[in-house]
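Notes for the one structure printed next.
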Amino acid sequence: MSIESVLHEHRVFAPDKAFASQAAVASMQEYQRLCQAAAEDYEGFWANLARELLIWHKPFTKTLNQDNAPFFKWFEDGELNVSANCLDKHLATIPNKTAIIFEADNGDIKNVTYKDLYHQVCQFANGLKSLQLVKGDRVIIYLPMGIEAIVAMQACARLGLIHSVVFGGFSAKSLNERIIDAGAVAVITSDGQYRGGKTLPLKQAVDEGIAMGGCDSVRHMVVFKKTGQAVAWDDQCIWWHDLIAGKDDTCEPVMVDAEHPLFLLYTSGSTGKPKGVQHSSAGYLLHAMNTMRWTFDIKPEDIYWCTADVGWITGHSYVTYGPLAMGATQVVFEGIPTFPNAGRFWEMIQRHQVSVFYTAPTAIRSLIKAGETDFTTHPNHFDLGSLRLLGTVGEPINPEAWMWYYEQVGGNRCPIVDTFWQTETGGHVITPLPGATPLVPGSCTLPFPGIDIDVVDEAGNDLAWGNGGLLVIKKPWPSMIRTIYNDPERYKSSYFPAELGGQLYLAGDGAIRDTETGNFTIMGRIDDVLNVSGHRLGTMEIESALVANHLVAESAVVGKPHPIKGESVVAYVVLKGKRPEGEEAKKIVAELRDWVGKEIGPIAKPDEIRFGDNLPKTRSGKIMRRLLRSLAKGEEITSDISTLDNPAILDQLKQPVN
Ligand code: 6R9
């Protein structure tokens, strides 16, 4: 997205009166009142919310403990159970309300009520208990998107087990690293999964991951029978259905401290190794709930659908925890947006009468394109009258895609909440509130009430609006990352760097605020993290994968703007042997792409690989990434390259293999 286009964006969409009149936050005055309340009594603001929204087994008396900053503690002497806050509390009021409308890849539909879900979670929790899993144990979940994934996560929460969900698109190697880092005691997976009409193996990757070694901590593997395909088996394995057979369908929730880790979720950073982002129980759930209420304006009669997989933070906060804790009815979709055709999302909105819809810009962009070539998949072809609110997340949305979403999907009627947040923030930190905030295409607008977020310069000094700089959060907030699992030092240096004074949370994105409105526009990552189809990928991570191949001597990976994916991955590679050409080059490209698919996962495969005898470096040996980014875009190099050691290789690196 071009920053210019957003800064010169003059279209403003004020909240619709009818929408505002029923909204949780109904005006800009109301929004400002909330921000003011947080500014005047920060701890009181959050404490009131925590008392209002969470059910405590033991009430907290202390709100925020900053003694060991930046390792903050919220509501620390309180006790609760997250699963009881999502399920048990609804038994008396809405037991027969549909919690989940599940639609399978092949279109089969299954409804689960709150009472059903409660019993399924309890029964599975009793199964896990029978494996002697105890509070604090880490459990890896590697399951397809569906009811079982939610049941597994909730069952862990019920027992105080710390889950770490690994997205089904990650490889055996990625699983191996995560199992080792988390010291996982159990893995929950399925034989296979359905995606886009295909049957794919799943357990096999876990087997391969464990076979790579170092996974001695794993004592059990629970396998859900999904596809019925053949799987390898050993003493550690137990079928999900055998584990729950005869087990009681009620299970006392294990009460935990507010700060007890609810989960670890691995995400890419600017170095090679993914970081295990650790979240708390109470503070995390509080923000998931409050953002459901203020950002998504969730109402008892809404049919809510967030298209994210539970393998990502969006699926944690806005599928597994937030909607359930709020007693919402939600659609859970196993498949992909383009199967059996690109009208699937719109057809499902029509079929299930979805009223609140939350998806990613990359999905929107790909569906725009598809709808242009095949009108039967265009939103106009469907009745989307049930929609009342739209949301996006994961990357900046370009104003054109925003307008299409607004007009073609929302029928010029539905506000769009462009929610900026991160794995580390737990929930939305900058977003419009749909009954209050005037919307500007391409801008995520204003801070969520209580989140003290701003733009500073490289020394941590405040910047006046209109100046681009670093996005930082100035005060701790309840749903923030607590640490990087096993690596507290990295937590400190990555998020509270000394250069900024050590007190500011550094988001890792560049941002600028509009001089008049204060609206934020996100300018993209300032570190070596790419955003490909809304998925975070570290360039270093892909580079390490490439150099682990026996053919590769050195590599540098950069992002290149892509019309649908946001960014695509371009890898510059120096082989140990001669620089390949022609057919041989093509063969090696295919081999290396496959290799990265196996090392990290298919989402990380480079879109383009270029070979050189060397990489452009400064005389001190630093790879000139800026230059590589220009080359990837096909730009002429006009900048000063006098510091470049070996200008001749630029010609080689201009050439894609084709
Ligand atoms: C929730 C999620 C976080 C990174 C973040 C930023 C980008 C997310 C955005 C956005 C512009 C938005 N990002 N939402 N950029 N506008 N509305 O995506 O978490 O996977 O950790 O990615 O995604 O670059 O730093 P995560």
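See the values below:
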| read-out | value |
| --- | --- |
| Matching residues in segment 289-327 - criterion: being part of a loop (DSSP other than H, G, I, E, B), among the small types (G, A, S) and more than 14 Å from the ligand (Cβ to nearest atom) | G327 |
| Any pair with Cβ under 7 angstrom, 6 or more apart, that starts in segment 31-59 at a residue that is not assigned by the TED database to the domain that holds T291 and ends at one that is open to solvent by 80 Å² or more (accessible area, probe 1.4 Å) and of a type outside the set (S, T, N, Q) | none |
| Options E608, E599, E581; residue that is out of contact with any strand residue (DSSP E or B) (no Cβ under 7 Å at 6 or more places or on another chain), among the charged types (D, E, K, R) and under 30 Å from V393 (Cβ atoms) | E599 |
| Restricting segment 164-183 to residues that are open to solvent by less than 20 Å² (accessible area, probe 1.4 Å) and part of a helix (DSSP H, G or I), the residue that is farthest from T483 (Cα to Cα) | A172 |
| Segment 395-413 residues that are more than 22 Å from A18 (Cβ to Cβ), paired with ones that are away from the ligand (no atom under 16 Å from the Cβ) and part of a loop (DSSP other than H, G, I, E, B) (beta carbon under 9 Å, 6 or more apart) | P399/R11 |
| Residue under evaluation Q236, criteria (1) closer than 30 Å to D487 by Cα; (2) open to solvent by less than 30 Å² (accessible area, probe 1.4 Å), criterion not met | (2) |
| Strands (runs of 3 or more DSSP E) fully within segment 186-254 counting 3 or more residues that are in contact with a helix residue (DSSP H, G or I) (Cβ under 7 Å, 6 or more places away or on another chain) | 186-190, 220-224 |
| In segment 446-493, the residues that are over 16 Å from T425 (Cβ atoms) and hydroxyl-bearing (S, T, Y) | Y485, S493 |
| Matching entry among I623, I609, I600, I588 (being in the same structural domain as S544 (by the TED database), surrounded by 15 or more Cβ atoms within 10 Å (Cβ to Cβ), in contact with an Asp or Glu (Cβ under 8 Å, 6 or more places away or on another chain) and in contact (Cβ under 8 Å) with a residue 12 or more places away in the chain) | I600 |
| The listed residue being within 16 Å of the ligand (Cβ to nearest atom) and modelled with pLDDT of 95 or more, out of W465, W477 | W477 |
| Candidate set from segment 386-437 (those that are among the β-branched types (V, I, T) and either open to solvent by 10 Å² or more (accessible area, probe 1.4 Å) or more than 22 Å from I453 (Cβ to Cβ) (or both)); member that is nearest to the ligand (Cβ to nearest atom) | T423 |
| Options I150, I140; residue that is within 29 Å of I94 (Cα to Cα) and within 19 Å of the chain's Cα centre (by Cα) | I150 |
| Failed item, numbered, when K273 is tested on (1) modelled with pLDDT of 95 or more; (2) open to solvent by 60 Å² or more (accessible area, probe 1.4 Å); (3) within 27 Å of the chain's Cα centre (by Cα) | (1) |
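The values are calculated or read from the model by the stated rules, or taken from the named source; none is laboratory data. Here the structure is a predicted model, which is why all the values come from computation and not from measurement. Backbone-built Cβ (ideal geometry, glycine too); neighbour counts: all protein chains shown. We work out accessible area using only protein heavy atoms, side chains counted, and drop any ligands, DNA or RNA first. Shrake-Rupley method; radii C 1.70, N 1.55, O 1.52, S 1.80 Å.
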